[in-house]
Amino acid sequence: ERVRSRLGRTSPAPSAAWRALTGGLASDEAAELKARRASRGWGRFTRNFVVQASAADMTAVMLATLRQRLPAPAHLVFFQHDEVIVHTPEELAEEVTTAITDSVAEAARMLFGPACPVRFPLHIAPVDTYADAK
């Protein structure tokens, strides 16, 4: 079965080999065990897909809202996994910190609704050089 993220990203369909392995009657106990293991693996994959793809959806929304909120001349420099780097003059650091916090909150509301019970804690570290960011 294919599953979808919050914004509709669709998981890939199982392969023909997986369907052949899990779709018929097992010829012996070892084949049945292998088919069950493959089915459980696919179940883990689809559950994980929903979580990971929905996190990617939220990140895309957060980055889009952050771009709109950043005061000039602040700008996004880098994003990877769970890290966002914004280049900004020091005097705008507090405003940029607020923009990041507000963008995460807005993305969560947009994707998961205003009553979302999940917290998305942030560690925001204004630094003088990229090497100091942790």
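The values are calculated or read from the model by the stated rules, or taken from the named source; none is laboratory data. The structure displayed is predicted, hence computed values, not measured ones. Neighbour counts run over all protein chains shown; Cβ positions are idealised from the backbone, glycine included.
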Check your understanding: Conditions: (1) closer than 26 Å to Thr10 by Cα; (2) surrounded by 13 or more Cβ atoms within 10 Å (Cβ to Cβ); (3) of a type outside the set (Asp, Glu). Thr97 meets all but one. Number of the miss?
Key -> (1)
Practice item. Starting from the stretch 97-111, keep only residues that are closer than 17 Å to Ser54 by Cβ, then list their pairs with residues that are modelled with pLDDT under 95 and not in a helix (DSSP H, G or I) whose Cβ atoms are within a distance under 6 Å, requiring at least 6 positions of separation or different chains. Key: Val104/Phe120; Ala108/Cys116; Ala108/Phe120; Leu111/Arg6
Check your understanding: Which ones in the stretch 123-134 are surrounded by 12 or more Cβ atoms within 10 Å (Cβ to Cβ) and within 19 Å of His81 (Cβ to Cβ)?
Key -> Ile124, Ala133
Point to revise | The one condition in (1) under 18 Å from the mean Cα position of the chain (by Cα); (2) surrounded by 14 or more Cβ atoms within 10 Å (Cβ to Cβ); (3) assigned to a loop (DSSP other than H, G, I, E, B) that Phe49 fails to fulfil | key: (3)
Exercise for review: Please work out which residue is modelled with the lowest pLDDT, limiting yourself to the stretch 107-134 and to residues that are among the β-branched types (Val, Ile, Thr) and within 18 Å of Met62 (Cα to Cα).
Suggested key: Val118
Review point. Which pairs do you get when a residue that is closer than 16 Å to Thr10 by Cβ, found in the stretch 46-67, comes within reach of a residue that is in a helix (DSSP H, G or I), reach meaning Cβ atoms under 9 angstrom, with the pair 6+ apart or on two chains?
Key: Ser54/Leu111; Ser54/Phe112; Asp57/Ala107; Asp57/Leu111; Ala60/Ala107
Practice item. Starting from residues that are farther than 18 Å from Leu7 by Cβ and under 16 Å from the mean Cα position of the chain (by Cα), keep the ones in the stretch 107-122 and report whichever is surrounded by the fewest Cβ atoms within 10 Å (Cβ to Cβ). Key: Pro121
Exercise for review: Among residues belonging to the stretch 1-45 that are in a loop (DSSP other than H, G, I, E, B) and among the acidic types (Asp, Glu), point out the one that is nearest to Ala55 (Cα to Cα).
Suggested key: Glu1
Study note, to complete from the structure: Over the stretch 78-134, the set of residues more than 18 Å from Thr65 (Cβ to Cβ) and among the hydrophobic types (A, V, I, L, M, F, W, C) is Ala93, Ala115, Ala125, Val127, Ala131, Ala133
Check your understanding: In the stretch 22-38, what residues are surrounded by 14 or more Cβ atoms within 10 Å (Cβ to Cβ) and either in contact (Cβ under 8 Å) with a residue 24 or more places away in the chain or among the polar types (S, T, N, Q) (or both)?
Key -> Thr22
Check your understanding: Would you pick out the residues in the stretch 111-134 that are assigned to a helix (DSSP H, G or I) and farther than 17 Å from Leu76 by Cβ?
Key -> Leu111, Phe112, Ala131, Asp132
Exercise for review: Report yes if some residue within the stretch 87-106 is assigned to a strand (DSSP E or B), among the aliphatic types (A, V, I, L, M) and either under 21 Å from Arg4 (Cβ atoms) or modelled with pLDDT of 95 or more (or both); otherwise report no.
Suggested key: no
